[in-house]
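Have a look at the structure below before the remarks.
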Amino acid sequence: MGLQDSQGMAVGVVYDPLRDECFTAARGHGAALNGAPIRVSDCPDLDHALLATGFPYDRRTAEDNNVTAFGMLIRRCQGVRRAGAAALDIAYVACGRLDGFWEMRLHAWDVAAGSLLIQEAGGLIGDLAGDSDFLHGGQVIAATPKIFAQMVTALAPFRAEMLRERAPKSVDPAP
């Protein structure tokens with residue numbers, strides 16, 4: 001759950017009932033796991049990174065289903081995990097269990113709380129171009145500062161493809 005005010009995300013909470021873990025963040029006050037401060041990992045580069053991702057529910061029919069990006073990144077890092085909850089994946093990056101996360105076709109409620117967690121834990125979050133339109137843009141990268149730019153570069157071709165597929169189709173004028 002995330003709370004946003006006129007200055008951006010103010011509070012973020014992600015709870016994992018299976019592990020009884022509560023990730024919390026308050027703007028300007030850091031991030032914590034069950035009350036203990038957390039920080040992102042110090043993984044040096046994408047080659048050594050453990051990443052996470054997810055896939056849209058209609059991945060069997062959607063053209064922008066993340067499968068091609070997954071195939072490329074699995075070859076560039078140590079491994080990729082898929083847990084099925086974007087908010088929890090971002091929380092895991094915030095506490096150093098993972099080094100980076102990316103996904104396409106998300107909603108604001110999927111990333112709002114995690115966005116503050118990652119920032120307060122010393123990480124970065126943005127859309128596939130690295131820009132700040134991740135909350136409503138449908139795509140996100142969350143990573144350590146050392147990994148973030150490398151993920152933006154690696155995923156750049158998929159952002160362009162996704163934008164082309166979502167662009168309105170032009171209609172030929174009638175003769």
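The values are calculated or read from the model by the stated rules, or taken from the named source; none is laboratory data. A quick note: this is a predicted structure, and the numbers were derived from the prediction, not measured. Glycine gets a Cβ as well: all are built from the backbone with ideal geometry, and neighbour counts include every protein chain shown. In case anyone asks, the SASA skips ligands and DNA or RNA and just uses the protein heavy atoms, side chains included. Shrake-Rupley method; radii C 1.70, N 1.55, O 1.52, S 1.80 Å.
Taking R0 as 41 Å, what's the FRET efficiency between residue 136 and residue 48 from their Cβ-Cβ distance, rounded to 0.05?
After rounding, the FRET efficiency stands at 0.80.
What does the C-alpha gyration tensor say about the overall shape of the range 1-150? Classify as rounded when a/c is under 1.5, otherwise prolate if a/b is larger than b/c, or oblate.
Prolate.
Kindly state, to the nearest 0.05, the FRET efficiency for residue 74 paired with residue 149, given R0 = 22 Å and r defined as their beta-carbon distance.
0.65
Take each of the peptides 109-115, 43-49, 31-37, average the number of other beta-carbon atoms within 10 Å over its residues, and list them starting from the highest.
Most protected by this proxy first, the peptides run 109-115, 43-49, 31-37.
Show me, for the range 49-55, the HN-Hα J-couplings you get by feeding each phi into the Karplus relation (A = 6.51, B = -1.76, C = 1.60, θ = phi - 60°), rounded to Hz, glycine and proline as x.
7, 9, 10, 9, 8, x, 10
Counting only protein heavy atoms and a 1.4 Å probe, tell me what percentage of the range 1-57's accessible area is made up of carbon and sulfur.
Carbon with sulfur: 56 percent of the solvent-accessible area.
Once you keep just the Cα pairs under 8 angstrom separated by 6 or more residues, what percentage relative contact order results for the range 79-160?
That works out to 29 percent.
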